[in-house]
1. Once fully extended, how much extra length lies between Thr407 and Gln146, figured as 0.36 nm per residue of separation less the alpha-carbon to alpha-carbon distance?
2. What FRET efficiency comes out for the pair Glu178/Trp6, r = Cβ-Cβ distance, R0 = 51 Å, nearest 0.05?
3. Hey, what's the Kirkwood Rh for region 259-374 if you take every pair of different alpha carbons, in angstrom?
4. Say the dipole of the chain comes from +1 at the beta carbon of Lys and Arg and -1 at that of Asp and Glu; which of Thr134, Met152, Ala444 then lies farthest toward its positive end?
5. Could you calculate the contour length gain from Phe17 to Asp234, that is, 0.36 nm times the residue separation minus the distance between their Cα atoms, to one decimal place in nm?
6. Ordered by residue, what ³J(HN,Hα) values in Hz, to whole numbers, does region 410-419 give under the Karplus form 6.51 cos²θ - 1.76 cosθ + 1.60, where θ = phi - 60° and Gly and Pro are x?
7. Quick one: dipole size for the chain, taken about the Cα centre, charges +1 on Lys/Arg Cβ and -1 on Asp/Glu Cβ, in debye to the nearest 20.
8. As an exercise, identify the GluC sites (Glu not before Pro) in region 306-386 lying in DSSP coil whose Cβ has no more than 10 other Cβ atoms within 10 Å.
Amino acid sequence: STNVQWGGRFSESTDAFVAAFTASVGFDRRLYRYDIEGSIAHASMLGKVGVLTADERDQIIAGLQAVMADIEQGAFEWSVALEDVHMNVEKALTDRIGAVGKKLHTGRSRNDQVATDIRLYLRDEIDHISAELTRLQQGLVNLAEQEADTIMPGFTHLQSAQPVTFGHHLLAWNEMLERDHGRLRDCRARMNVLPLGAAALAGTTYPIDRQFTADLLGFDGVTENSLDSVSDRDFAIEFGAAASLIMMHLSRMSEELVLWTSAQFGFVELPDRFCTGSSIMPQKKNPDVPELVRGKSGRVFGHLMSLLTLMKSQPLAYNKDNQEDKEPVFDTVDTLAGSLRAFADMVPYIEARRANMKEAAIRGYSTATDLADYLVKKGMPFRDAHEVVGQSVAHGLAQGKDLSEMTLDELQQFSTTIEQDVFDVLTLEGSVAARDHLGGTAPAQVRAAVVRARTRLDQR
Ligand code: ARG
């Protein structure tokens, strides 16, 4: 016997291995809800334009709803022989309502159907991921407000550079995620057009009303060109790129958290419930969540490369290659959603070890630039000031003293321009407070930035 869906032309049935090899139902069944919603909208449109009678339309829609209920209750038998989610659903519909079910596929192809399904699916997932991103950002902004006055060393080359506030550092993370949210929004907007109506590749001879279907499915419009409609997967690649950037950002945050939770830094404490211990070393508390998120970034970058490579040599229009878009997209969604959830749950409970941060900022001579700026403001050329401060730091290193711990006499060995008021700029508090402009690390600026960040989050 030959395949029920296209048996007419074939003289032998599909090789058993080939059937399994080419089937996608094992993974694309995840799309069933979108497939059925798309079919319901398509049937409604066919009814509206008179290709289906009102009665046929209603039978098909009721049948599709019943199939949906079966799947949701786990009372559905997926068949590999039926290849993919689309043919499984259609066959179940026909089994249930009889011959009228065979009219559903009028004026449509699995090519425009699958392009529609993935868009509907990704649109939903983007909304979920954007919400998780927002939840993470809210946690960061709250923590930033709480830590607006907390001083830590800021780093370049991972060497102590200048003091910053912990709140400022957290808001830097928030800015990365703010751009990510914008990228998801852009990607969603370009994705949200209906390909249905392209049929296999050239359009259809039926008097379809694509805008009607688009409205039912919440699309902003319809695609322009039938060939492009069935072959375009740019939206999946854009999503993969936006997801990769988010994972890259989460990985950078993770790296800092891993460093900061070490005994050598001791800047933050993560809640025990986000960490694990060691079966041999009783003292261990490992920052598993950040480590794993850092590791998981790799697979999302890999999926982006898979999708680009998948598309690079495909001639127009649909090719079976496109079936390979799903697993990378699905795993990107799962990895990203899971990583964001873990971070959004964890961030509100990050505990700053403020004394350690401050101690580290002192140990790193992080106010050296402030001393140079002080000398410049008293008339010394910057290069000379750099030299004076360099000598002062060398002296401090030899004596085991911070700049702020030296006496005025000690400092004046290097320049008589230094006076008693130098001690105002040598403190960590003075240093951060002096960077008091939009984008600067001063506690007052951090608090103002928190207000702006919250306004943006509230306007989403
Ligand atoms: N399972 C297929 C996919 O994921 C559906 C479209 C199949 N179309 C075709 N002409 N074989 O791309």
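1. Full-extension gain reported as 90.5 nm.
2. 0.55
3. Every distinct Cα pair counted, the radius reaches 18.2 Å.
4. Towards the positive end, the residue furthest out is Thr134.
5. Details: separation 217, 0.36 × 217 = 78.12 nm, distance 3.14 nm.
Gain on stretching Phe17 to Asp234: 75.0 nm.
6. Going residue by residue, I get 4, 5, 5, 4, 9, 6, 7, 5, 6, 10 Hz, with x marking Gly and Pro.
7. Numbers: 47 positive and 65 negative charges, 101 e Å.
Using Cβ point charges on Lys, Arg, Asp and Glu, the chain gives about 480 debye.
8. On the way: sites: Glu324, Glu351, Glu359; in loops: none.
For GluC sites (Glu not before Pro) across region 306-386 that sit outside H, G, I, E and B with at most 10 neighbouring Cβ atoms in 10 Å, the list is empty.
Coordinate-derived values only; no laboratory data. For clarity, every value in this text was computed on a predicted model and none was experimentally measured. Cβ sites come from the backbone with ideal geometry, for glycine too, and all protein chains shown count toward neighbours.
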